[in-house]
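Participant: What follows is a single structure, and I will ask about it in a moment.
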Amino acid sequence: MLFSAIEFPGWLTSVGVALAAMMAVFAVVIILKYGGLWLQAYMSSADVSLISLIGMSLRRVKPGTIVTAQVMATQAGLELAQGRGKSTACLEAHYLAGGDVNRVILAIIAAHRAGIDLDFDRAAAIDLAGRDVLEAVRTSIIPKVIDCPDPKRFGTRLSAIAKNGVELLTHVRVTVRTNLDQLIGGATEETIIARVGQGIVSTIGSMESHEEALAKPDRISKTVLEQGVQSNTAYEIVSIDIATIDVGKNIGARLQTEQAAADTRVAQALAEMRRAEAIAHQQEMKALLMASRAELVRAEAEIPLALASAIRGGQFRSKDSKGHPSKSGGIWPETRDQILKFPKPRKASG
């Protein structure tokens, strides 16, 4: 009766009607946009309120993704965090950090069903580290097989050579299981493939003959496992199996042949060098011989000059039959016997 007796101005009544209409429109929009999600969460007993759905949109978080993850977690009986609204806040934080909320929840559910201890914080950390947490859990439950070598990068067979020089071509299948404790910071499949390949090459290389590897291929697997190839990796090796092992080329014989050919070429080069040195020495001796002959000719040419000089100086005198110098002082013999003993001049040859 009191309010009915009060008369409101017309503009105030119009403002009130407008505000009521705006609130009604806002409520209709909220119900149309978030009503279905809120009803889905409410019917699943998920910890999602209508106010939190509106806040998600303001924080640029997709409400549908969070509600779906919350419904899956609730239906699986998981408790992501203690306290009302905490689980929704954890999911929003992981979404804003760039994580895949749905795959994290699916991984936790799979681990929970398999009896593997995996909480939300650990799964979120694995996801943010760039690893596929759902695939990691699946591999931890069902081991997977890795081919060594990688067919996409190195072909289908690994080459190893025994001590006798015979090549063996092997294909290895490594069965691994994910080690969730070392998934963050642990080495990946590439490291497993590299270590297993290195172990196979070293094991076959330590064998005296390729026949030993063909007779006992399990020795290769045991030796590689004993080398600790799984240390500091994200996987636990279940088994290493030699799928195929074939005999390749005789690398040792080929290397020996190539070495023999190289030694032959070296020997030929040394022989050619010695031959060249011998020819050079021969030419040097010929040059020395020609120089000696020139000296001889020059010396013979000086003999007449020396005789003429001796005759002019009176130093060339004849001797009598008793070997005494002639009294005549001439250079010619005085008796017949001396004339007969006087040497005859040589005839010029040719």
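Participant: Show me the three semi-axes of the equivalent ellipsoid for region 182-221, from the C-alpha gyration tensor (sqrt of 5 times each eigenvalue), largest first, rounded to whole Å.
Facilitator: After scaling each eigenvalue by five and taking roots: 28, 9, 6 Å.
Participant: Please give the length that would be gained between residue 198 and residue 116 if that part of the chain were fully extended, namely 0.36 nm times their separation in residues minus their C-alpha to C-alpha distance (nm, one decimal).
Facilitator: Between residue 198 and residue 116, full extension yields 26.3 nm more.
Participant: Run the numbers for residue 135 and residue 261: contour at 0.36 nm per residue of separation, minus the present Cα-Cα distance, in nm.
Facilitator: Full extension of this stretch gives 39.8 nm more.
Participant: A further question follows. Given labels modelled 7 Å from the Cα in the Cβ direction, how far is it in nm from residue 31 to residue 19?
Facilitator: Once both label points are built, they end up 2.2 nm from each other.
Participant: Now, a different point. Taking amide H positions as placed in the peptide plane 1.01 Å from N, state which residues far from residue 161 in sequence (5 or more) or on other chains have amide H under 5 Å from it.
Facilitator: 168, 205
Participant: Something else now. Scale the Cα Rg of region 121-252 by the rule-of-thumb value 2.2 N^0.38 Å and send over the ratio, two decimals.
Facilitator: Ratio of Rg to 2.2 N^0.38 Å for region 121-252: 1.17.
Participant: Just flag the trypsin sites (Lys or Arg not before Pro) in region 61-120 sitting in loop per DSSP whose Cβ has no more than 16 other Cβ atoms within 10 Å.
Facilitator: Those that pass, being in a loop and sparsely packed, are 84.
Participant: Which FRET efficiency, nearest 0.05, do residue 54 and residue 244 yield, Cβ-Cβ r, R0 56 Å?
Facilitator: 0.35
Participant: Is there a quick way to get the dipole size of region 224-268? I mean about its Cα centre, with the Cβ of Lys and Arg at +1 and of Asp and Glu at -1; what is the value in debye to the nearest 20?
Facilitator: In total the dipole reaches around 340 debye.
Participant: Further, regarding this structure: Give me the dipole magnitude in Debye, nearest 20, for region 124-190 about the Cα centre, with unit charges on the beta carbon: positive for Lys and Arg, negative for Asp and Glu.
Facilitator: Value, rounded to 20: 260 debye.
Participant: Magnitude of the Cβ-charge dipole of region 142-298, K/R +1 and D/E -1, about the Cα centre, nearest 20 debye?
Facilitator: My answer is approximately 560 debye.
Participant: Oh, and also: Based on the Cα gyration tensor of region 190-287, what are the three equivalent ellipsoid semi-axes, each the root of five times an eigenvalue, rounded to whole Å and given largest first?
Facilitator: Over the Cα atoms of region 190-287, the ellipsoid semi-axes are 54, 16, 9 Å.
Throughout, read-outs are computed from the coordinates displayed, never taken from laboratory work. Just so it is clear, the model here is predicted, and its values are computed rather than measured. Positions of Cβ are generated from backbone atoms using ideal geometry, with glycine treated the same way; all protein chains shown enter the neighbour counts.
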